[in-house]
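Below you'll find the structure, written out as structure tokens, and then a few comments.
The values are calculated or read from the model by the stated rules, or taken from the named source; none is laboratory data. Computed from a predicted structure; not experimentally measured. Quick reminder, even Gly has a Cβ in these numbers, built from the backbone with ideal geometry, and neighbours come from all protein chains shown.
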Number of protein chains: 2
Amino acid sequence: MEYIKIAVDAMGGDNAPFEIVKGAVRATENNDSIKIFLTGPKDKVEAELSKYDYDKERIAVIDAPEVITNDESPVNAIREKKNSSMVVGLKTIKTEECDAFVSAGSTGALLAGASTIAGKLPKVMRTPLAPLIPTKEGNLLLTDCGANVDAKPQHLLQFAKMGSIYMENVIGVKYPRVGLLNIGVEEEKGNALVKEALPLFKECKDINFIGFVEAREALSGGVDVVVCEAFAGNIMLKTYEGAGNVLLGTMKDTLMASLRGKIGGLLIKGPLKNMIKKFKADEYGGAPLLGLKGLVVKTHGNATYREIYNSILQCVTFKEQRINEKISEVIQGGSSE
Amino acid sequence: MEYIKIAVDAMGGDNAPFEIVKGAVRATENNDSIKIFLTGPKDKVEAELSKYDYDKERIAVIDAPEVITNDESPVNAIREKKNSSMVVGLKTIKTEECDAFVSAGSTGALLAGASTIAGKLPKVMRTPLAPLIPTKEGNLLLTDCGANVDAKPQHLLQFAKMGSIYMENVIGVKYPRVGLLNIGVEEEKGNALVKEALPLFKECKDINFIGFVEAREALSGGVDVVVCEAFAGNIMLKTYEGAGNVLLGTMKDTLMASLRGKIGGLLIKGPLKNMIKKFKADEYGGAPLLGLKGLVVKTHGNATYREIYNSILQCVTFKEQRINEKISEVIQGGSSE
């Protein structure tokens, strides 16, 4: 039997290598079809691995003595640290040694390195970062939240196609509804980019396009894939995270300030736990970068073993569902050049 | 003594004319320096007014038989409904009959009509909509959230100058910190617009510029005026509102689903009330449109009398602090042409 081969950046993020290695071990315990390649300084990663009783045939270490940190310039880091855990991981996609790569390391460096090192699928113009974010009803895929700003209408259309395929096949939403992020829903609203993109979206037969959507309404539900240029996507994503921090943080401070609040807080803790879980990234795995030769998944910098574990399983679905073949078909058959 | 004259759109928003008239009456009761002109169908507004024992010298009605709704095209509505409560109100700014105009009506129509009907101050290029939004530490002014997208760097610089003057003189934040909204804080990050704007902001002596800010960090505090192009501003504003709805709504549903949650919910209701108040627009008044010949304030469509009341008092501060004179000085003395 041939394994699904997944490279994992053992040195990426705040909790490396401990949580990363734990997540990788757990994933091999729970899924027989994967083989994991941990990238990082061999001695350090092996020392961490030695704490577990793991299947030695299914977890290997690829030596990568350097580490890219969040403090350095992403572009320079990718260019100069050829032996870093991230660059070595991305190379396994280019050489087809692995099917997917998971990293909790610097987002900037991963975005900078993904298309140049791992390589894009033919005719894919840009490779969007597409996190899944929770809504009142479920989730939506927000694409693009990456670093390549000032997108063209044709780029947006490719994001829509790739996002739809991902949402349908990996997340399991049939016939996903695609909305184009705008500041109003009327056709005359918006900037030059979305106005130019609108007819392309309307004509496209590969997506289930429902029109312009506004940020507030999108978060209530009713749309599965929200397409936007990366600047707007990043603002939406970061505002959503920031709003959660402000609201939950202020609520906690408020409750702790009175006895009544403290008691109430204790009582609601249980019921709220599941709710907060819904808003935590760990349960979903990371954000995919779409349109690359393999799947690259960016998890949060503070990812725990659960997010790493879920991200690895996400890669399995991606491979089993032949997402890249489907993306290639739609992008190459499409009218978006 | 000369009154500060404030026009109020008696027919704007979901709660018109009831809450609007109530807010106007309350404002005259609490502040002796204002005179209010309610615009709307004379009979209807007077019937509402007759429910109160109010100072007849200080509340007048200007007959405006038409009403602009949220369902019609903003631009057409402004053009065609010359006798609407909104257009008549905006005209009182142009003719200098009033110092300020408050409306809870269609945002689109108000934005479309403000600069064409009320008129801009000399050398002001665009008139940004600048709502105050709550952060973990206090508030920030987000400018521009309006409808004029695809701004130029020079526009952003004017937004920064006008926003600083408003924040310092109306909200009382000394030497307000100005941040330029971006998707990273490093100088090489961002789209063409913010990169071009950066040197202009750095050189400008009229603002206390602290550099690029990210949406998530801005919401934690540390910045008083966040400057952005309207598309990004609208996404940030609407996402913030949407996130609040999703979080508080989901929390309520979660608590109501169990007895323990219900009891806890009852206990925390009191302590949380003040916190939620902080996040409610009513306490702050509406969002100013800056750079017009008078102040135009947009309140929420569902504004209660409290928001109308606070918006009217906001106009008093605006006038007393001579904001428009200060804006004119800085814009005309500036290097932003």
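Structural remarks
- Considering only residues in region B:222-243 that are facing another protein chain (nearest Cβ under 7 Å) and surrounded by fewer than 24 Cβ atoms within 10 Å (Cβ to Cβ), the one that is nearest to A:GLY221 (Cα to Cα) turns out to be B:GLY242.
- Some residue of region A:57-77 being assigned by TED's automatic domain parsing to the domain that holds A:GLU29, on the phi > 0 side of the Ramachandran plot and not basic (Lys, Arg): no
- For region A:292-312, the set of residues classified as outside any loop (DSSP other than H, G, I, E, B) and of a type in the set (D, E, K, R) consists of A:LYS298, A:ARG306, A:GLU307, listed by residue number.
- Within region A:244-265, tally of residues that are facing another protein chain (nearest Cβ under 7 Å), of a type in the set (A, V, I, L, M) and under 22 Å from B:GLY249 (Cβ atoms): 4
Matching residues to (1) closer than 27 Å to B:GLY242 by Cβ; (2) hydrophobic (A, V, I, L, M, F, W, C); (3) free of Cβ contacts under 8 Å to residues at least 60 places away in the same chain:
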position	(1), (2), (3)
A:GLU96	no, no, no
A:PHE101	no, yes, no
A:THR107	yes, no, no
A:LYS123	no, no, no
A:THR135	yes, no, no
A:MET167	yes, yes, yes
A:LEU181	yes, yes, yes
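- Per-region count, region B:192-205, residues buried (at least 19 other Cβ atoms within 10 Å of the Cβ) and of a type outside the set (A, V, I, L, M, F, W, C): 0
- Of the listed requirements (1) of a type in the set (A, V, I, L, M, F, W, C); (2) more than 19 Å from the chain's Cα centre (by Cα); (3) part of a loop (DSSP other than H, G, I, E, B), A:VAL61 misses just one: (3).
- Among the residues making up region A:149-165, a single one is farther than 23 Å from A:THR107 by Cβ, of a type in the set (S, T, N, Q) and crowded, with 24+ Cβ neighbours inside 10 Å: A:SER164.
- Considered as a group, the residues in region A:274-294 that are in contact with an Asp or Glu (Cβ under 7 Å, 6 or more places away or on another chain) and at pLDDT 65 or above include one that is nearest to the other protein chains (Cβ to nearest Cβ), and that residue is A:LYS277.
- Residue match in region B:41-58 (condition: touching a strand residue (DSSP E or B) at 6+ places or on another chain (Cβ under 7 Å) and in a strand (DSSP E or B)): no
- Selection status of A:GLU186, in a helix (DSSP H, G or I), within 14 Å of chain B (Cβ to nearest Cβ), of a type outside the set (Lys, Arg) and surrounded by fewer than 19 Cβ atoms within 10 Å (Cβ to Cβ): no
- Qualifying residue in region A:274-290 (condition: outside any helix (DSSP H, G or I), more than 15 Å from the chain's Cα centre (by Cα) and not basic (Lys, Arg)): no
Here is a yes/no grid of residues against (1) under 22 Å from B:TYR166 (Cβ atoms); (2) hydrophobic (A, V, I, L, M, F, W, C); (3) assigned to a loop (DSSP other than H, G, I, E, B); (4) in contact (Cβ under 8 Å) with a residue 40 or more places away in the chain:
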| residue | (1), (2), (3), (4) |
| --- | --- |
| B:PRO199 | no, no, no, no |
| B:ASP206 | yes, no, yes, yes |
| B:ILE210 | yes, yes, no, no |
| B:ARG216 | no, no, no, no |
| B:GLY221 | yes, no, yes, yes |
| B:VAL226 | yes, yes, no, yes |
| B:MET236 | yes, yes, no, yes |
| B:VAL246 | no, yes, no, no |
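- Leading residue by the ranking (surrounded by the most Cβ atoms within 10 Å (Cβ to Cβ)) among those in region B:63-114 that are closer than 22 Å to B:ASP14 by Cβ and of a type in the set (Ser, Thr, Tyr): B:SER103
- Condition broken by B:TYR175, with the remaining ones in (1) modelled with pLDDT of 95 or more; (2) surrounded by fewer than 22 Cβ atoms within 10 Å (Cβ to Cβ); (3) within 21 Å of A:LEU193 (Cβ to Cβ) satisfied: (3)
- Looking across region B:135-148 at every residue that is surrounded by fewer than 24 Cβ atoms within 10 Å (Cβ to Cβ) and at pLDDT 90 or above, the one that is farthest from the other protein chains (Cβ to nearest Cβ) is identified as B:ASN139.
- Each residue in region B:167-183 was checked for being among the β-branched types (Val, Ile, Thr) and within 11 Å of another protein chain (Cβ to nearest Cβ), and 1 pass.
- When B:VAL75 is tested against the conditions (1) among the hydrophobic types (A, V, I, L, M, F, W, C); (2) closer than 17 Å to B:HIS300 by Cβ; (3) part of a helix (DSSP H, G or I), the lone failure is (2).
Condition check ((1) touching a helix residue (DSSP H, G or I) at 6+ places or on another chain (Cβ under 7 Å); (2) at pLDDT 85 or above; (3) not polar (S, T, N, Q)) across all residues:
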| position | (1), (2), (3) |
| --- | --- |
| A:ALA243 | yes, yes, yes |
| A:ILE268 | yes, no, yes |
| A:LEU272 | yes, no, yes |
| A:TYR305 | yes, yes, yes |
| A:TYR309 | yes, yes, yes |
| A:LEU313 | yes, yes, yes |
| A:ARG322 | no, yes, yes |
| A:SER335 | no, no, no |
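- B:LEU219 being of a type outside the set (S, T, N, Q), more than 9 Å from chain A (Cβ to nearest Cβ) and within 26 Å of A:GLY244 (Cβ to Cβ): no
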